[in-house]
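Heads up: the structure comes next, in structure tokens.
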Amino acid sequence: MQPALSKTRVFRFAPSPNGLLHLGHALSAMLNHDLAAACGGRFLLRIEDIDPARSRPEFEAAIYRDLAWLGLSWEQPVRRQSEHLAFYGKALERLKAMGVLYPGFLSRGEVKARVEAREKAGGAWPRDPDGAPLYPTEERHLDRDEAQARIAAGHRHAWRLDMEKARALAPAVLDWQEAGEGPEGETGTVTARPERWGDVILSRPDAPASYHLAVVLDDAAQGVTDVVRGQDLFHATAVHRLLQSLLGLPAPRYRHHGLVPGPDGKKLSKSNRDTGIAAYREKGFLPPDIRALLAGYGLVLH
């Protein structure tokens with residue numbers, strides 16, 4: 001049985017400091033803040049700086065500045081993932097001991113070449129919900145001594161979740177409670193299908209814990225009861241529910257909201273500075289104007 005959630009509801013906004021926040025981030029942050037206030041709950045801010053190659057202190061400073069300008073306040077201290085690497089490492093070792101992880105040695109280029117060769121020959125390569133090719137599975141069965149020898153020899157590798165073994169250890173029925181809706185209108189009790197993601201990465205040399213692993217560990221450590229985020233992460237919830245099951249972590253309630261469209265009709269990107277919160281502030285917008293703008297997109301704030 002998994003641990004019960006706290007009676008006091010806890011919400012969080014967890015941006016990565018790899019660019020400036022945009023309108024989509026403003027929506028998520030304000031929704032979490034407002035929902036927490038409405039139920040007498042807590043609002044937390046978490047900095048997901050697990051990737052040192054992309055995280056920048058100036059972007060972290062901008063996150064605090066933009067959120068404060070929006071009129072949001074959060075509990076202190078702020079949790080920063082870079083300060084909890086040992087915590088993630090322990091969970092990774094637990095999963096290794098369970099026999100559900102294996103080292104994957106294929107590079108992105110090697111996988112891409114395989115995919116292109118098969119598709120050029122008229123075959124189909126399985127892809128995840130985001131459209132990315134699934135990782136080949138033959139290394140699941142690589143001899144352990146051979147794998148250790150390759151690691152000792154310095155071969156670059158990532159630790160991947162053996163989805164078949166992991167799924168076998170989890171309950172036959174794996175689901176989550178959705179208070180919002182998915183891209184296809186999914187709501188209520190949603191069946192999790194983590195196998196659609198294949199053997200996801202949980203750790204790689206340049207990032208000791210993947211987003212999937214770090215986010216479930218952080219949510220549990222901080223007692224998060226309600227995860228409110230964009231629909232682009234709806235399908236990833238299946239992987240999170242699997243990891244929560246394997247590690248005996250509580251399952252938060254989920255609420256996925258619509259995405260703010262960019263000028264091209266696609267979801268916003270941090271690379272598009274025109275839709276950044278700072279850009280609107282510099283144009284003379286006020287926080288109420290940001291709320292009105294988001295409402296104009298049909299994204300109703302609580």
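The values are calculated or read from the model by the stated rules, or taken from the named source; none is laboratory data. Everything numeric here is computed off the predicted structure, so don't read it as measured data. Every residue, glycine as well, gets a Cβ built from its backbone with ideal geometry; the counts of neighbours run over all protein chains shown. Just the protein is used for accessible areas: all its heavy atoms, side chains included, with ligands, DNA and RNA removed. Shrake-Rupley method; radii C 1.70, N 1.55, O 1.52, S 1.80 Å.
Checked against the criterion of being in contact with a strand residue (DSSP E or B) (Cβ under 6 Å, 6 or more places away or on another chain), charged (D, E, K, R), open to solvent by less than 50 Å² (accessible area, probe 1.4 Å) and at pLDDT 95 or above, the range 246-253 has no qualifying residue. Just wondering, is there one or more residues in the range 275-288 that are in contact with a Ser or Thr (Cβ under 9 Å, 6 or more places away or on another chain), farther than 27 Å from V173 by Cα and of a type in the set (S, T, N, Q)? Scanning the range 275-288 turns up at least one residue that is in contact with a Ser or Thr (Cβ under 9 Å, 6 or more places away or on another chain), farther than 27 Å from V173 by Cα and of a type in the set (S, T, N, Q). Counting only residues that are more than 11 Å from the chain's Cα centre (by Cα) and surrounded by 22 or more Cβ atoms within 10 Å (Cβ to Cβ), the range 228-243 holds 4 of them. Residue count for the range 99-139 under the criterion of being open to solvent by 50 Å² or more (accessible area, probe 1.4 Å), in contact with a helix residue (DSSP H, G or I) (Cβ under 7 Å, 6 or more places away or on another chain) and touching a residue at least 40 places away in the same chain (Cβ under 8 Å): the result is 0.
Taking the residues in the range 192-208 that are modelled with pLDDT of 95 or more and over 23 Å from L259 (Cβ atoms) as candidates, determine which candidate is surrounded by the most Cβ atoms within 10 Å (Cβ to Cβ). Top of the filtered list is L202. Considering L95, L45, L20, the condition of being open to solvent by less than 10 Å² (accessible area, probe 1.4 Å), in contact (Cβ under 8 Å) with a residue 60 or more places away in the chain and touching a strand residue (DSSP E or B) at 6+ places or on another chain (Cβ under 9 Å) is satisfied by L95 alone. Please work out which residue is farthest from G40 (Cα to Cα), limiting yourself to the range 275-302 and to residues that are open to solvent by 50 Å² or more (accessible area, probe 1.4 Å) and not in a helix (DSSP H, G or I). Per the stated criteria, the residue is K283. Of everything in the range 130-152 that is aliphatic (A, V, I, L, M) and in a helix (DSSP H, G or I), the residue that is nearest to D206 (Cα to Cα) is I151.
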